[in-house]
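**Student:** Got a structure for you, written out below as structure tokens; questions coming shortly.
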Amino acid sequence: MPKIATQYIVDLLNSPKPVEAVYDLASLWCMREGRSESLPYFGFTVPEFHAHMFLLYSGDVANGGHVQFFLNPVGAYAADVRTALSAMGLASLATIFTRACAVFPDGRVPIDTADRRRMLAAMSEEQLAVLSAADREYDSVDSAAFAQVLAYLRSNADQVLPIERA
């Protein structure tokens with residue numbers, strides 16, 4: 001990948017448009033050569049990985065709710081999402097996510113997609129109502145979360161796209 005002007009990265013980190021800035025930054029680290037789910041943190045720095053977990057979580061929940069998140073392969077990273085939300089100071093989202101995870105035995109979301117799908121298919125109306133409530137709660141705090149994610153990345157600026165900087 002070609003090098004990226006450091007000033008461009010700094011400008012994104014200081015952008016007044018957090019949603020666009022976070023997505024733009026993520027699009028850059030996602031182009032990193034050699035990145036892979038088999039690598040620790042997918043080959044991202046820890047702050048990049050945390051923001052990436054937030055984006056995966058928020059994308060699925062915004063599109064189809066917590067059920068979609070758990071049904072999709074990204075549900076395997078539930079423990080990483082929980083860690084990321086806490087690390088970035090997203091306490092409200094972390095609480096909502098923990099509540100959603102609580103529909104699984106001991107609050108532990110299975111890593112295996114087939115196991116998660118079987119469990120979701122067998123959930124009671126009460127468990128599904130918990131997930132639905134979590135979806136509504138998520139909708140009430142989602143937009144503010146991007147500003148917090150950008151602030152977190154800004155506070156860890158030296159670890160954002162360090163390989164790509166010109």
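**Student:** Looking at Ser143, is it within 28 Å of Trp29 (Cβ to Cβ), surrounded by fewer than 15 Cβ atoms within 10 Å (Cβ to Cβ) and of a type in the set (S, T, N, Q)?
**Tutor:** Yes; evaluated as a whole, the condition is true for this residue.
**Student:** Moving to a separate point now. Could we say that Gly89 is part of a loop (DSSP other than H, G, I, E, B) and not basic (Lys, Arg) here?
**Tutor:** Values: part of a loop (DSSP other than H, G, I, E, B): yes; not basic (Lys, Arg): yes.
Considered against the rule, which asks whether it is part of a loop (DSSP other than H, G, I, E, B) and not basic (Lys, Arg), Gly89 comes out as yes.
**Student:** Sticking with this structure for a sec: In this structure, is Ser58 more than 30 Å from Glu164 (Cα to Cα), assigned to a helix (DSSP H, G or I) and of a type in the set (Ser, Thr, Tyr)? Break it down into steps so the answer makes sense when it comes.
**Tutor:** Details: more than 30 Å from Glu164 (Cα to Cα): no; assigned to a helix (DSSP H, G or I): yes; of a type in the set (Ser, Thr, Tyr): yes.
No.
**Student:** Checking the conditions here, which among Thr113, Thr98 is more than 22 Å from Ala51 (Cα to Cα), hydroxyl-bearing (Ser, Thr, Tyr) and surrounded by 13 or more Cβ atoms within 10 Å (Cβ to Cβ)? Steps first, answer last, please.
**Tutor:** Values: Thr98 fails: more than 22 Å from Ala51 (Cα to Cα).
Result of the check over Thr113, Thr98: Thr113.
**Student:** With respect to the numbered conditions (1) at pLDDT 95 or above; (2) surrounded by 13 or more Cβ atoms within 10 Å (Cβ to Cβ), which one is the sole condition not fulfilled by Ala121?
**Tutor:** Here Ala121 clears every test but (2).
The values are calculated or read from the model by the stated rules, or taken from the named source; none is laboratory data. Note that the coordinates shown come from a computational prediction; the quantities given were computed from them, not determined experimentally. Note: ideal-geometry Cβ built from the backbone for every residue, glycine included; neighbour counts use all protein chains shown.
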